[in-house]
2 protein chains.
Amino acid sequence: MYNAINSNGNGERGQHWEAQLRKGCLEMAILASLWQSRLYGLEVLRALSEKSQLEIAEGTLYPILSRLKAEGLLQSEWVEAEAGHPRKYYWLTPAGRRRAREMAEAWTAFSTNLSALMQPILGVKQR
Amino acid sequence: MYNAINSNGNGERGQHWEAQLRKGCLEMAILASLWQSRLYGLEVLRALSEKSQLEIAEGTLYPILSRLKAEGLLQSEWVEAEAGHPRKYYWLTPAGRRRAREMAEAWTAFSTNLSALMQPILGVKQR
DNA sequence: GCATAATACATAGCATTACTATGTATAATG
DNA sequence: CATTATACATAGTAATGCTATGTATTATGC
């Protein structure tokens with residue numbers, strides 16, 4: 001599985017059609033990354049990268065985390081590490097878990113529909 | 001198959017998290033709708049709605065078609081209908097076909113990755 | 001013939017969301 | 001102590017739809 005979506009897409013116009021493809025999915029992806037356990041910022045980045053080859057810049061992540069927290073979907077706390085830097089841990093609130101579920105379901109339907117639309121293109125190529 | 005994504009999402013903030021989910025996919029979807037045959041504007045809308053439950057407003061469609069044409073991915077021509085209104089037909093240029101393929105492939109990878117991230121959420125719910 | 005409705009396309013202002021560049025703070029290392 | 005690494009934060013900018021509205025042409029009914 002290769003990393004098809006990163007920040008340096010190679011389209012002609014704007015060079016970023018791939019970036020647009022993933023815009024709007026990031027909140028959902030970030031909520032999902034926190035489903036199974038609480039994580040601190042850079043752990044979220046690593047989880048996304050490892051679990052779904054989704055590379056997000058730090059400057060993108062933190063405003064989103066901040067926004068989700070302001071919305072009551074996440075809670076956070078500062079933890080002084082026994083060794084190393086203090087870290088800000090995030091976890092899903094009950095509202096956050098509900099949102100994550102809603103989004104996961106919507107994503108499933110949406111992606112299935114869109115993939116169906118892509119089939120003729122991929123089918124021709126495979127021939 | 002129900003229409004999970006339309007313009008009146010029901011989230012709390014901004015009410016539009018679902019709209020964001022599909023932003024960025026529309027160019028690809030529109031290019032895909034033209035893969036098998038040329039269509040005029042409202043036919044594109046209907047094709048998207050019928051093939052993938054994707055509802056786009058006319059005001060959204062035409063700027064995108066215009067943009068794709070400016071970019072050399074589409075070509076268009078006015079056709080006087082034998083009965084009814086004149087219509088502007090669109091079809092993919094060779095560059096447009098290449099773009100559609102690239103996007104379809106990127107989409108496949110991207111959506112597979114993201115769906116993997118969603119599995120724990122959906123798995124828990126199904127239990 | 002005229003007014004209204006339907007069809008088809010177009011556009012401008014606005015809202016939203018990342019991306020990019022840059023910065024602050026703290027701990028670790030040489 | 002200076003530099004590097006880790007961790008978090010933010011402001012300006014770019015891109016893309018959404019919403020509201022408008023223009024143009026054809027069809028319909030009175």
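Against the definition (in contact (Cβ under 8 Å) with a residue 12 or more places away in the chain and facing chain B (nearest Cβ under 9 Å)), how does A:Ala104 come out, yes or no?
Yes; evaluated as a whole, the condition is true for this residue.
Can we say A:Ser52 is facing another protein chain (nearest Cβ under 9 Å), in contact (Cβ under 8 Å) with a residue 12 or more places away in the chain and within 21 Å of B:Lys23 (Cα to Cα)? Outline the logic, then answer.
Numbers: facing another protein chain (nearest Cβ under 9 Å): yes; in contact (Cβ under 8 Å) with a residue 12 or more places away in the chain: yes; within 21 Å of B:Lys23 (Cα to Cα): yes.
So A:Ser52 fits the description; yes.
Among the numbered criteria (1) more than 17 Å from A:Arg22 (Cα to Cα); (2) more than 13 Å from DNA strand D (Cβ to nearest atom), which one does B:His85 miss?
For B:His85, the failing item is (2).
When residues of segment A:18-34 are filtered for being of a type in the set (Gly, Ala, Ser) and within 15 Å of DNA strand D (Cβ to nearest atom), how many remain?
So in segment A:18-34, the residues of a type in the set (Gly, Ala, Ser) come out as A:19, A:24, A:29, A:32-33.
Checking the rest, the ones that are also within 15 Å of DNA strand D (Cβ to nearest atom) come to A:19, A:24, A:33.
Number satisfying all stated conditions: 3.
Restricting to segment B:71-101, count the residues that are away from DNA strand C (no atom under 12 Å from the Cβ) and more than 7 Å from chain A (Cβ to nearest Cβ).
First, the residues of segment B:71-101 that are away from DNA strand C (no atom under 12 Å from the Cβ): B:71-73, B:75, B:91-101.
After this cut, where a residue has to be more than 7 Å from chain A (Cβ to nearest Cβ) as well, the list is B:72-73, B:75, B:91-99.
Going through segment B:71-101 one residue at a time, the tally reaches 12.
Could you list, in sequence order, all residues of segment A:50-64 that are open to solvent by less than 30 Å² (accessible area, probe 1.4 Å) and either of a type in the set (Asp, Glu) or more than 10 Å from DNA strand C (Cβ to nearest atom) (or both)?
Kept after step one, since they are open to solvent by less than 30 Å² (accessible area, probe 1.4 Å), are these residues of segment A:50-64: A:52, A:54, A:56, A:61, A:64.
Within segment A:50-64, just A:Ser52 meets the criteria.
Yes or no, residue by residue, for (1) more than 11 Å from DNA strand C (Cβ to nearest atom); (2) in contact with a Pro (Cβ under 9 Å, 6 or more places away or on another chain); (3) at pLDDT below 95:
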position: A:Gly11; (1), (2), (3): yes, no, yes
position: A:Ala19; (1), (2), (3): no, no, yes
position: A:Leu34; (1), (2), (3): yes, no, no
position: A:Gly41; (1), (2), (3): yes, no, no
position: A:Val44; (1), (2), (3): yes, no, no
position: A:Ala47; (1), (2), (3): yes, no, no
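Might you check whether a residue that is in contact (Cβ under 8 Å) with a residue 24 or more places away in the chain, more than 20 Å from A:Glu18 (Cβ to Cβ) and of a type outside the set (A, V, I, L, M) occurs anywhere in segment B:58-77?
yes
Answer with yes or no whether B:Glu77 is in contact with a strand residue (DSSP E or B) (Cβ under 8 Å, 6 or more places away or on another chain) and among the acidic types (Asp, Glu).
Numbers: in contact with a strand residue (DSSP E or B) (Cβ under 8 Å, 6 or more places away or on another chain): yes; among the acidic types (Asp, Glu): yes.
Yes.
Could you run through segment B:68-99 and say how many residues are open to solvent by 60 Å² or more (accessible area, probe 1.4 Å) and under 17 Å from the mean Cα position of the chain (by Cα)?
The total comes to 4.
The values are calculated or read from the model by the stated rules, or taken from the named source; none is laboratory data. Given the structure is predicted, the values throughout are model-derived calculations rather than measurements. Backbone-built Cβ (ideal geometry, glycine too); neighbour counts: all protein chains shown. Each accessible area value is taken on the protein alone, full model and side chains, heavy atoms only, with ligands, DNA and RNA left out. Shrake-Rupley method; radii C 1.70, N 1.55, O 1.52, S 1.80 Å.
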